[in-house]
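Here the structure comes first, spelled out in structure tokens, and everything after it is commentary.
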Amino acid sequence: MERRAFGKTGLEVSPLGLGGFPFGGRQLSAGWDPWTPEGRRTAIATLRRALERGVNYLDTAPSYGDGNSESIFGEALQGRRDSVILATKCGYRNQTAEQVRESVHASLERLRTDYVDVIQFHGGMYEASDVEHVLHGGPLDALLRLKEEGKVRFIGFTTEEPWTGRPLIASGQFQVAQLRYNLIHQGAALHALNEARNAGMGVAVMRPMTSGIFQRLIAFLAPEWQEAKDAYTVALQFVLSDSRVHVANVGMRSPEEVDRNVDLAEGFTAPFDVADLPRLTAGIYRKSDEEAGLL
Ligand SMILES: NC(=O)c1ccc[n+]([C@@H]2O[C@H](COP(=O)([O-])OP(=O)(O)OC[C@H]3O[C@@H](n4cnc5c(N)ncnc54)[C@H](OP(=O)(O)O)[C@@H]3O)[C@@H](O)[C@H]2O)c1
């Protein structure tokens, strides 16, 4: 699979990454339980198929099933650790430097490795008090010390609300950002993605398939669209078409699903750069007039 430069980190990432949430979350209605021996075997087979097919970016977190996802990653990566870029996370809210440090040590144990390539503050929305605490209350110091010790290579943060991550980008302390950005959540397009690119950060995307939200909506509102082109395909193509995005962490839970997404990613060449798409009405008018040769 193609590789993209992960900002200025020097890492080269596959545009399709494996998101680790499913290995920590049960969905009994779909017959999915990664705590059972069978579920664990399927998760390991999924991860290994991803590696065989050229996926090299893996994203997990201690909170995905209270360590279950990391523990599956650790088992699946035995003998394969150095061929992947491994990202995990840690908390920050109400966390002292010592607690952050302990969390990363516990992750390393479950992941059965001496280092992670990317450690990220696991964020939803960063309020001003969170930013202050992360930067000056101990959590960042803990990660900087772990970096000096060689236990983490790059420091990042994740956010569901990219606008709230802007002060972290501006701080210059982070090399990686994982942003919510997809077909229906495009706020990052106007600010955080540009700022992360300008700062030379590695950019990963969470929920690239919209976590199935868009697909559920069209199943109600426009079921005929699903026959025109699969909405998961369009969602993946959307994020792969934005030059500011380096890797899309897709939640997958079977080897067949990995094959489907690798085939999609490999068979796709972006027809245009979604980064250039105007998103404000004045820009949309101007672009269409330019295209019509009227300007
Ligand atoms: N704050 C944070 O740091 C944060 C938050 C959210 C997510 N993340 C990261 O982002 C990753 C992905 O998020 P996500 O799992 O919520 O959302 P997602 O990747 O947008 O969507 C996953 C869903 O898409 C389905 N799917 C994937 N490929 C498909 C295909 N080719 N055809 C049909 N369905 C397909 C999966 O189906 P099945 O259900 O059949 O497998 C699953 O339901 C997470 O695993 C995690 O690593 C981070």
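Just so it is clear, none of the values below were taken in a lab; they were calculated from the coordinates. Note that the structure is predicted; figures quoted are calculated from it, not measured. Here the Cβ positions follow ideal geometry from the backbone for every residue, glycine too, while neighbour counts run over all protein chains shown.
A Cβ distance below 8 Å, combined with a sequence gap of six or more or placement on separate chains, defines the contacts here; from segment 60-77, residues that are of a type in the set (D, E, K, R) reach residues that are in a loop (DSSP other than H, G, I, E, B) and surrounded by 22 or more Cβ atoms within 10 Å (Cβ to Cβ) in the pairs 66/24; 70/20; 70/60; 70/61; 70/62; 70/64.
Considering only segment 138-159, how many residues are among the aliphatic types (A, V, I, L, M) and part of a strand (DSSP E or B)? Number satisfying all stated conditions: 2.
Scanning segment 160-216 for residues that are touching a strand residue (DSSP E or B) at 6+ places or on another chain (Cβ under 7 Å) and of a type in the set (Val, Ile, Thr) yields 169, 176, 203, 205, 210.
Of the residues making up segment 107-130, those that are out of contact with any Phe, Trp or Tyr (no Cβ under 8 Å at 6 or more places or on another chain), among the hydrophobic types (A, V, I, L, M, F, W, C) and more than 16 Å from the ligand (Cβ to nearest atom) number 1. Is it the case that residue 104 is more than 14 Å from the ligand (Cβ to nearest atom) and surrounded by 14 or more Cβ atoms within 10 Å (Cβ to Cβ)? Criteria met by residue 104.
Does segment 140-185 hold any residues that are more than 22 Å from residue 57 (Cα to Cα), aliphatic (A, V, I, L, M) and surrounded by 15 or more Cβ atoms within 10 Å (Cβ to Cβ), and which are they? 140, 142, 168 - these are the residues of segment 140-185 that are more than 22 Å from residue 57 (Cα to Cα), aliphatic (A, V, I, L, M) and surrounded by 15 or more Cβ atoms within 10 Å (Cβ to Cβ).
Taking segment 21-48 as the range and being among the small types (Gly, Ala, Ser), under 13 Å from residue 258 (Cα atoms) and touching an Asp or Glu at 6+ places or on another chain (Cβ under 8 Å) as the test, no residue passes. Restricting 130, 117 to residues that are within 22 Å of residue 179 (Cα to Cα), assigned to a helix (DSSP H, G or I) and out of contact with any Cys (no Cβ under 8 Å at 6 or more places or on another chain) narrows the list to 130.
When residue 104 is tested against (1) out of contact with any strand residue (DSSP E or B) (no Cβ under 6 Å at 6 or more places or on another chain); (2) among the β-branched types (Val, Ile, Thr); (3) assigned to a helix (DSSP H, G or I), only condition (1) is not met. Screening segment 54-75 for residues that are of a type outside the set (A, V, I, L, M, F, W, C), assigned to a helix (DSSP H, G or I) and closer than 16 Å to residue 119 by Cβ and picking the one that is farthest from the ligand (Cβ to nearest atom) gives 74. Taken over segment 228-271, residues that are within 13 Å of the ligand (Cβ to nearest atom), in a loop (DSSP other than H, G, I, E, B) and surrounded by fewer than 17 Cβ atoms within 10 Å (Cβ to Cβ) amount to 5. Checking each residue in segment 176-198 for being of a type in the set (Val, Ile, Thr) and without any contact (Cβ under 8 Å) to a residue 24 or more places away in the chain picks out no residue at all.
Here residue 94 passes the criteria (1) under 25 Å from residue 3 (Cα atoms); (2) out of contact with any helix residue (DSSP H, G or I) (no Cβ under 6 Å at 6 or more places or on another chain); (3) not in a helix (DSSP H, G or I) except the one numbered (1). From 207, 197, which residue is buried (at least 23 other Cβ atoms within 10 Å of the Cβ) and under 24 Å from residue 12 (Cβ atoms)? From the options 207, 197, the qualifying one is 207. Restricting to segment 160-214, what's the tally of residues that are in a loop (DSSP other than H, G, I, E, B), in contact with a Pro (Cβ under 8 Å, 6 or more places away or on another chain) and more than 14 Å from the ligand (Cβ to nearest atom)? Within segment 160-214, residues that are in a loop (DSSP other than H, G, I, E, B), in contact with a Pro (Cβ under 8 Å, 6 or more places away or on another chain) and more than 14 Å from the ligand (Cβ to nearest atom) number 1. The residue of segment 1-53 that is nearest to the ligand (Cβ to nearest atom), among those that are among the hydrophobic types (A, V, I, L, M, F, W, C) and free of Cβ contacts under 8 Å to residues at least 12 places away in the same chain, is 30.
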